[in-house]
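Inspection log for the structure reproduced underneath, given as structure tokens.
The values are calculated or read from the model by the stated rules, or taken from the named source; none is laboratory data. Just so we're clear, the structure is a prediction, and the values are computed from it rather than from any experiment. Note that each Cβ is placed from the backbone with ideal geometry, even for glycine, and that neighbours are counted across all protein chains shown.
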Amino acid sequence: MITIAICKGRTAKQAIKFLVQCGYEFKDDVQTTRKLIIESTDNKIQVILMKGQDIPIYVDAGVVDMGLVGKDTLCESDCDVYEILSLDIGKCKLAVAGYANFNFKSKKFLKIGTKYPTMTKAYFKALGIRHEIVELSGSVELAPLIGLSDVIVDIVETGRTLSENDLTVLEDICDISSKIIANKLHFKTKYAENEPIINSLTSTKL
């Protein structure tokens with residue numbers, strides 16, 4: 001049995017639906033069950049539901065074979081895993097946001113509020129802008145509103161939260177979607193078991 005870690009919540013519902021489209025059926029209904037471990041009826045896949053930030057850690061440690069995780073979470077992690085496949089699940093963008101008409105690229109120094117310090121640092125370093133990163137865990141939109149930062153870097157889906165707080169996307173940094181990752185050792189030693197699952201995901205994706 002191959003174990004796959006998936007983020008709890010909406011991502012899990014989308015992922016299970018995707019796996020069902022690949023031909024796998026599950027013993028429990030992800031919409032209603034409170035179980036954290038769900039097995040396929042053919043006993044080939046075991047889905048383990050957990051917090052997204054924990055998925056690369058579990059995969060790297062070899063506790064699970066594969067994981068479905070957002071590119072943002074993967075980039076913020078220092079775990080050593082294989083990135084196998086991109087899926088059209090959880091699509092959004094990482095973006096710089098702030099007050100409209102604020103020309104952040106013209107500034108010599110910026111304070112930036114974000115939950116994604118690694119990606120933010122790389123982006124502004126490439127621009128050559130001196131900056132201070134204020135690492136936050138809550139509603140980052142507050143930072144420019146009350147003067148903690150000049151701009152924020154955050155995940156944007158519809159942009160509604162930004163607009164309702166008089167903020168806007170100033171520049172997109174990169175597209176974000178879910179990635180299938182694998183433990184490096186298990187990917188080799190369990191290749192015969194991994195291959196049909198990966199092939200099913202690839203063919204359905206295409």
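Results, tabulated for the structure shown:
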| read-out | value |
| --- | --- |
| Index of the failed condition, K111 passing every other in (1) under 26 Å from V81 (Cβ atoms); (2) out of contact with any Gly (no Cβ under 8 Å at 6 or more places or on another chain); (3) charged (D, E, K, R); (4) assigned to a strand (DSSP E or B) | (1) |
| Of all residues making up the range 126-151, the number that are small (G, A, S), closer than 14 Å to F102 by Cβ and not in a loop (DSSP other than H, G, I, E, B) | 1 |
| Residue satisfying condition, being under 12 Å from I2 (Cα atoms) and small (G, A, S), within set G52, G67 | G67 |
| Failed item in (1) at pLDDT 95 or above; (2) assigned to a strand (DSSP E or B); (3) among the hydrophobic types (A, V, I, L, M, F, W, C), with I55 passing the rest | (2) |
| So I181, is it surrounded by 18 or more Cβ atoms within 10 Å (Cβ to Cβ), part of a helix (DSSP H, G or I) and in the same structural domain as I6 (by TED's automatic domain parsing) | no |
| Long-range neighbours under 6 Å by Cβ, at least six apart or interchain, first residue of a type in the set (S, T, N, Q) within the range 147-165, second not in a loop (DSSP other than H, G, I, E, B) | S149/K111; S149/I112; S149/G113; S149/V134; S149/A143 |
| Test set (1) in a helix (DSSP H, G or I); (2) of a type in the set (A, V, I, L, M, F, W, C); (3) touching a residue at least 12 places away in the same chain (Cβ under 8 Å) - A5 fails condition number | (1) |
| Residues being outside any strand (DSSP E or B) and surrounded by fewer than 19 Cβ atoms within 10 Å (Cβ to Cβ) - total across the range 165-178 | 2 |
| Matching entry among D60, D42, D72, D78 (being of a type in the set (D, E, K, R), buried (at least 19 other Cβ atoms within 10 Å of the Cβ) and not in a strand (DSSP E or B)) | D72 |
| The one condition in (1) crowded, with 21+ Cβ neighbours inside 10 Å; (2) not assigned by TED's automatic domain parsing to the domain that holds A122 that L87 fails to fulfil | (1) |
| Among the candidates D150, D166, D175, residue that is among the charged types (D, E, K, R) and within 17 Å of the chain's Cα centre (by Cα) | D175 |
| Members of the range 25-39 found to be closer than 16 Å to T11 by Cβ and not in a strand (DSSP E or B), listed by number | V30, Q31, T33, L36 |
| Residue within the range 116-125 that is assigned to a helix (DSSP H, G or I), within 17 Å of the chain's Cα centre (by Cα) and exposed (fewer than 15 other Cβ atoms within 10 Å of the Cβ) present | yes |
